[in-house]
Each structure stands twice: as structure tokens, then as C-alpha cells.
Amino acid sequence: MREVFSKRLFKSFKKIVPELSILFLAILSVQPQSLLGNSVISPFLCLSAVFYWSLHRQGHFNVVALIILGIISDILTGASLGFTPILFLTVFAISSWQKKNVLLKPFHLIWGVFSLVSGLTFIIAWAITSFVSLQYADIGSFAIQYAMTVISFPILDWLLSNIQRAVAV
Amino acid sequence: MALIRLTREVRSKGYSMARKPVLFSSLVKPLKSWWQKIFFSVGIVACILFIMMDRGEVRYVKEIRLSLTDAILPLTQTIFQPIKSISNFVEEFKNLNEAREAARALEVQVRDLQGELIATQGLIAQNKRLKEQTNFVDFPDTKIITGRVVTHSGGPFVKSMLISVGQENGARLGQPVMSEFGLVGIIVEVASSFSRVLQITDINSQIPVVTENTRDPAIMAGDNSRFPILKFMLSDSLMAVGDRIVTSGHGGLLPPDIPIGHIAEINGSSALVSSLVDWDRLDYIRVLDYRFADDLSQYLKNPLD
């Protein structure tokens with residue numbers, strides 16, 4: 001009986017691993033003096049995680065969860081409510097759209113697609129930030145974060161693929 | 001006839017002569033279930049509406065935001081407490097070797113400062129006497145509330161942080177927040193146990209400042225980069241690279257002469273300011289309980305009064 005319960009619990013846990021990993025990264029990225037350092041610009045790790053799980057776990061990975069995770073991220077960072085969900089949904093929609101063309105391709109091609117998708121997302125983010133504040137936001141810091149996000153993608157991809165294998169999501 | 005047959009053949013094999021345009025419907029198509037499609041479309045519209053309402057400072061959105069933050073914040077602190085403890089322990093262990101040398105250097109500094117303290121005490125007494133003689137009306141005394149940084153956004157979208165000083169501890173809207181060296185920002189949201197600070201580097205931050213020596217006024221505006229910009233400088237301004245920038249106190253929101261930074265670069269009618277705050281190691285902060293800010297927060301609550 002106890003075994004059945006623990007199996008069920010593990011099964012439920014497996015289902016929410018993508019959401020939990022994004023939540024963890026969202027909290028990690030706002031921690032002062034965290035593992036990433038309290039740097040002014042750090043990679044947008046959640047975006048990489050959304051891209052990864054959209055490709056590899058689209059079946060269970062749903063839109064509502066992304067909106068909730070985006071709102072939690074907005075609350076933690078202080079961005080306008082609804083800002084991060086738009087970015088998450090953009091990445092989710094594009095990667096779902098191109099999933100068949102990307103999934104079984106070599107890693108460098110997936111990385112290239114991610115750099116394009118995240119590039120578009122950062123342009124949207126810059127446009128919203130500038131529109132909301134009625135002035136041009138500094139494009140340099142966006143470019144730096146974009147570069148850091150793209151550079152850090154292989155590490156995050158490796159980490160998430162290991163998690164995926166470990167829990168056989 | 002042959003062309004029509006060829007076109008039909010191409011169509012039947014699923015080839016297309018022209019590239020299909022990217023439509024919203026083609027983006028939504030791969031989302032499997034119908035409710036995912038609905039949520040995606042509704043989600044995008046709702047997010048845009050939320051951004052507009054949040055920006056327009058709609059009361060309900062602010063209340064939702066505050067209550068959600070109150071609920072989520074303890075959770076994040078609990079999750080990261082073990083990791084923080086381990087990283088603090090490792091850092092302290094690393095610093096152990098440097099402690100002896102630092103202690104020696106501090107002993108020398110203390111001796112020097114004791115000498116300076118005697119001179120400063122004399123100057124304070126002299127200053128007090130002169131103020132009494134000239135009936136000088138001073139700014140109100142400022143109480144200090146010390147707290148810690150709870151979250152610190154590291155992205156280029158917004159520059160804000162949550163601090164552990166809330167309404168219970170005396171935090172009010174508009175109060176300035178300082179590190180040990182300079183101005184960090186201004187409180188823009190207050191909940192019972194925490195507050196949100198809008199950093200001086202944020203794109204929405206605008207602060208009246210002056211240069212410490214020449215008293216040239218300007219407005220310091222953030223642009224989400226590390227270096228806030230000085231705008232509306234005087235045409236005959238005497239500002240130079242390296243000059244110290246302090247708050248002017250104009251408008252009554254901030255006390256005057258809070259140190260902010262140094263001028264790093266001058267480009268014609270604007271200049272870049274290098275902040276005194278060490279953003280990478282910002283941990284403890286001080287909230288200045290300034291009376292004018294308190295009055296202003298009451299005004300903001302009841303603007304019609």
C-alpha cells in the first residue's frame with residue numbers, strides 16, 4: 001500500500017519537474033549573493049529552461065503553468081505583472097511551432113535556433129520596457145544578457161537533460 | 001494544360017511554390033488541446049492588459065501584487081536558506097586567512113581616526129554654536145532603520161529589490177534607502193513585512209541632484225544600465241569628471257546631501273554617474289525615516305485631501 005502511494009507521489013512529482021525547475025531558476029536568479037553572484041546582469045535562465053522543456057516535454061508542459069510561473073517571476077523581479085509571461089509564451093509558441101524541425105537535429109543547430117528565438121524574445125522585452133517607460137531602454141544591457149543567456153544555454157541544456165534522464169520525464 | 005497538370009501534381013504532393021507567411025494561427029496550431037490554444041490567446045491579451053493596469057497604478061492590481069509577494073517571499077527564503085548558509089560558511093572560511101592582516105590594518109586606522117575624532121568633535125560644537133547664533137532652521141533629524149536585501153533582480157528589464165523592512169518596521173512610501181556608502185533607491189511598494197526599492201539605475205527613477213562643491217543642479221535619471229545619466233544640466237555648469245554627486249533635497253522627497261556617486265563621463269549637455277553602491281555585494285541596507293517623505297506618503301494615499 002505504502003509502495004503504491006510512494007509510486008504515485010513520484011509519478012506526480014515527475015509530471016511537474018519542468019515547472020519546478022523553472023520556479024527554482026526564477027528564485028535563484030533573484031537571490032542576492034547567490035551561486036551566480038549578485039551581478040548586475042545575469043543570464044535569463046528561465047527562458048532557456050522554457051525553451052528546453054517546450055521542445056522535450058510539450059505534452060504535459062502547459063500554457064497556464066507558464067503564465068503562473070511568469071507572474072511569480074514578475075513578482076520577484078518587480079517587473080510589470082504580465083511582462084515575463086509574454087516572453088515565456090513567445091518562446092513556448094515558437095519552439096512548439098518548430099519542434100518537428102528542431103528536435104532530432106544536432107545540438108549546435110538547436111543552440112542556433114535557441115539564439116534566434118531568444119534574440120526575438122529579447123527584442124520584444126526591450127520594446128515592452130521602452131514602451132512602458134516611454135523612453136528607450138539601454139540596449140547594451142539587453143545585449144549583454146542576451147549574449148550571456150545564449151552562452152549559458154549548453155550548460156543548462158546538459159543540466160536539464162540529466163534531470164530529465166534521472167527522473168525519466 | 002501541362003502547366004495546370006504540373007501545378008496540381010505539386011499541390012497533391014504537398015509542395016508549395018511560395019513560402020507560407022507566419023501567421024498567429026500557425027503559431028497556435030501546434031498546441032495540442034483546444035484549451036491550450038484558448039489559454040495562449042487569452043493569456044497574451046490578459047498579460048498586455050495586466051501590464052497596462054500595473055503601469056496605470058490600478059489599485060486592485062497593486063493589492064494583488066502586494067498580497068502575492070507577501071505569500072511567495074517566505075517560500076523563496078525557506079527554499080534558499082540552506083544554500084545561503086553553506087555559501088556563507090565557505091565564504092567565511094575563505095576570508096579567515098585575510099582576517100589577521102585586516103585586523104592589523106584596522107588597528108592603525110582606529111588610531112588615526114581617534115585623532116580625527118577629537119578635531120571633528122570640536123568642529124561639531126563650533127557648528128552648533130554658529131547655528132544657534134544665526135537662528136538656522138535645519139532639516140528634521142533622520143531616523144535609520146537597518147534591514148537586509150531579500151531579492152535582487154539581475155536582469156536588464158527592471159532594477160528593483162525587495163528588502164526585509166516593512167510597514168511593521170516603520171517603512172513608508174518614498175523613503176530613501178542607502179547602502180553603507182551611497183543612495184540605493186526609493187521605496188515604491190510597502191507591505192507588512194517587506195518593501196520594494198526602485199533602484200537609482202532603473203529606467204523609471206529620476207532624482208534631483210547637485211554637485212557637492214559647485215552646487216550645480218541636475219536631474220539624475222536611470223536607464224537600466226550601471227551608469228545613471230545627468231540631465232537638464234545648466235549651460236554654464238562647472239561640473240567636471242570626478243565631482244561628487246549628492247541629493248539636492250529639492251521637492252522634499254529626499255534629504256539633501258546624501259552621497260550618490262561621482263561623475264564618470266561628460267558628453268556635452270549630459271553626464272554619466274558612477275554609483276558609490278557596490279551592487280554586487282549589496283546585502284545590508286539602511287532606510288532613512290525622513291519626515292518629509294512620511295508627509296508625502298500620506299499625501300499619496302489621499303491625493304484629493
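Computed values, structure above
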{"read-out": "Condition check for residue B:92: assigned to a helix (DSSP H, G or I), more than 8 Å from chain A (Cβ to nearest Cβ) and surrounded by 10 or more Cβ atoms within 10 Å (Cβ to Cβ)", "value": "yes"}
{"read-out": "Residues of the stretch B:39-55 classified as open to solvent by less than 70 Å² (accessible area, probe 1.4 Å) and of a type outside the set (Phe, Trp, Tyr), total", "value": "7"}
{"read-out": "Single unsatisfied condition, residue B:233 versus (1) more than 11 Å from residue B:210 (Cα to Cα); (2) in a loop (DSSP other than H, G, I, E, B); (3) of a type in the set (A, V, I, L, M)", "value": "(1)"}
{"read-out": "Subset of the stretch B:56-86 that is of a type in the set (D, E, K, R), assigned to a helix (DSSP H, G or I) and open to solvent by 70 Å² or more (accessible area, probe 1.4 Å) - its residue that is nearest to the other protein chains (Cβ to nearest Cβ)", "value": "B:63"}
{"read-out": "Residue match in the stretch A:132-153 (condition: of a type in the set (D, E, K, R), touching a Ser or Thr at 6+ places or on another chain (Cβ under 8 Å) and without any contact (Cβ under 8 Å) to a residue 24 or more places away in the chain)", "value": "yes"}
{"read-out": "Flag for residue B:63 being modelled with pLDDT of 80 or more and of a type in the set (Asp, Glu)", "value": "yes"}
{"read-out": "Number of the exception - residue A:70 against (1) open to solvent by 10 Å² or more (accessible area, probe 1.4 Å); (2) within 17 Å of the chain's Cα centre (by Cα)", "value": "(1)"}
{"read-out": "Residues within the stretch A:127-153 that are part of a loop (DSSP other than H, G, I, E, B), within 7 Å of chain B (Cβ to nearest Cβ) and open to solvent by 20 Å² or more (accessible area, probe 1.4 Å), tallied", "value": "2"}
{"read-out": "Answer from B:245, B:200 - the residue that is touching a strand residue (DSSP E or B) at 6+ places or on another chain (Cβ under 6 Å), open to solvent by less than 10 Å² (accessible area, probe 1.4 Å) and within 14 Å of another protein chain (Cβ to nearest Cβ)", "value": "B:200"}
{"read-out": "Which listed residue is within 12 Å of chain A (Cβ to nearest Cβ), hydrophobic (A, V, I, L, M, F, W, C) and crowded, with 19+ Cβ neighbours inside 10 Å, from B:158, B:188", "value": "B:158"}
{"read-out": "Qualifying strands (runs of 3 or more DSSP E) (wholly inside the stretch B:123-208; at least 3 residues being under 28 Å from residue A:135 (Cα atoms) and either outside the structural domain of residue B:286 (by TED's automatic domain parsing) or in contact (Cβ under 8 Å) with a residue 24 or more places away in the chain (or both))", "value": "B:160-163, B:176-178, B:183-190, B:195-199"}
{"read-out": "Residue that is at pLDDT 85 or above and more than 13 Å from chain A (Cβ to nearest Cβ), where the choices are B:140, B:176", "value": "B:176"}
{"read-out": "Single condition residue A:80 does not satisfy, out of (1) of a type in the set (Ser, Thr, Tyr); (2) under 18 Å from residue A:62 (Cα atoms); (3) outside any helix (DSSP H, G or I)", "value": "(2)"}
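The values are calculated or read from the model by the stated rules, or taken from the named source; none is laboratory data. Bear in mind the structure is a predicted one, so any value in this text is a computation, not a measurement. Ideal geometry is used to build each Cβ from the backbone, glycine not excepted, and the neighbour counts take in all protein chains shown. When the accessible area is computed, the model is the full protein with side chains, heavy atoms only, and any ligands, DNA or RNA have been set aside. Shrake-Rupley method; radii C 1.70, N 1.55, O 1.52, S 1.80 Å.
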